[in-house]
Amino acid sequence: MIIKEKISKKELERLFDDFFETILKLVVDIEKGILSAGCEFHIDCSEELSEKEGSHQKNLWGANLHRDTNIIDFVSLINIKPTAGNRTMEIQNQEIKNKVEKIIKELLCTN
């Protein structure tokens, strides 16, 4: 599901219920300020943004939102981007992490 505007807490709860219940997989386009949520795999969210929104892979970063704590972790296979200086599954660049976190908080009504 592509999200471009802030969703309600009820809609967020539905996303959790529809998928893994305790964790929500997300891919954020840090250039466009949008995200895709609720895919089984991060790559599926990434492909949705690429196909439907014309997003470029260099701007797409994966994360997970944990239901009970609203903690965001920045771990995803799609984050392995050696040419961008990210050689691990976790986002290493603090500026990129901050952008991803800001977009998630703005669109998903998290604390």
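Among Ala63, Ala84, Ala37, the residue with the largest mean-square fluctuation in a Gaussian network model of the chain, with springs joining Cα atoms closer than 10 Å, is Ala84. Only DSSP H runs of four or more residues enter the estimate; each adds -39500 (n - 2.57), and after division by the residues of the chain the mean residue ellipticity at 222 nm equals -10500 deg cm²/dmol.
Decide, for the stretch 55-111, between rounded, prolate and oblate: order the square roots of the alpha carbon gyration tensor eigenvalues as a ≥ b ≥ c, take rounded if a/c falls under 1.5, and otherwise choose prolate if a/b is larger than b/c, else oblate.
Here the stretch 55-111 falls in the prolate category.
Roughly how big is the chain's charge dipole about its Cα centre, with Cβ charges of +1 (Lys, Arg) and -1 (Asp, Glu), in debye to the nearest 20? Roughly 400 debye, rounded to the nearest 20.
To two decimal places, what compactness ratio does the chain give when its Cα radius of gyration is scaled by 2.2 N^0.38 Å?
On the way: Rg = 12.6 Å, N = 111, 2.2 N^0.38 = 13.2 Å.
For the chain, the normalised Cα radius of gyration comes out at 0.96.
What the phi angles of the stretch 76-88 give under the Karplus curve with 6.51, -1.76 and 1.60, with θ = phi - 60°, is a coupling list of 6, 4, 5, 7, 6, 9, x, 5, 9, x, 10, 9, 10 Hz, glycine and proline written as x.
Within a Cβ distance under 12 Å of Asp73, other residues only, what is the Lys/Arg minus Asp/Glu net charge? Show your work: numbers first, answer last.
Details: positive: Lys25, Lys97; negative: Glu90, Glu101.
Charge balance near Asp73 sits at 0.
Among the cysteines of the chain, those whose beta-carbon sits 4.7 Å or more from every other cysteine beta-carbon are Cys109.
No value in this document is a laboratory result; all are computed from the given coordinates. All figures in this text were calculated on a predicted structure; none of them were measured in a lab. Virtual Cβ from ideal backbone geometry, glycine too; neighbours counted across all protein chains shown.
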